[in-house]
C-alpha cells in the first residue's frame, strides 16, 4: 500500500524516518543528502555552503536579468522601453557589484571569515 504525503509526514514526525527517497520514486541527490545530514555536516559547513550557493545563484540570476534587459533593449523601438531596459541593466550591474563587494570585503578583512567557523573555539560551560 502506498502512503500519501500526510502519512509520510506523520511517520517522519513520529519516528524521524526520512520522507523523500522512500517509495515515492524520487531519488535524493547525494550532495543534498550530505548537506542536510546533521551527523556529517557541521553548522559552519552548512552556512558556508549556503553562503557560496547564494552568491552563485545571485550571480546567475543577475546574468539572466542582464540578458533579458539586453533583449528588451535590442528589440524595442520605443524610447520608453529602451530607457526601462537601460535602468534594468544599471540595476543588474549594481547588484553584481554588490555581490562581488560582499565577498571581497569579507575576504579582505579576514579570509577565515568565509569559513564561518567562529564557534569552533567556544567551549561548553562547566
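Among the residues of segment 64-98, those identified as free of Cβ contacts under 8 Å to residues at least 12 places away in the same chain and within 30 Å of residue 112 (Cα to Cα) are 94, 97, 98.
Of the residues making up segment 56-72, those that are over 12 Å from residue 96 (Cα atoms) and exposed (fewer than 12 other Cβ atoms within 10 Å of the Cβ) are 67, 71.
Given the condition modelled with pLDDT under 80 and either in contact with a strand residue (DSSP E or B) (Cβ under 8 Å, 6 or more places away or on another chain) or outside any helix (DSSP H, G or I) (or both), answer yes or no: does some residue in segment 97-113 qualify? Within segment 97-113, one or more residues are modelled with pLDDT under 80 and either in contact with a strand residue (DSSP E or B) (Cβ under 8 Å, 6 or more places away or on another chain) or outside any helix (DSSP H, G or I) (or both).
The values are calculated or read from the model by the stated rules, or taken from the named source; none is laboratory data. Every value quoted in this text rests on a predicted model; they were computed, and no experiment measured them. Heads up, the Cβs are rebuilt from the backbone with ideal geometry, glycines too, and the neighbour counts pull from every protein chain shown.
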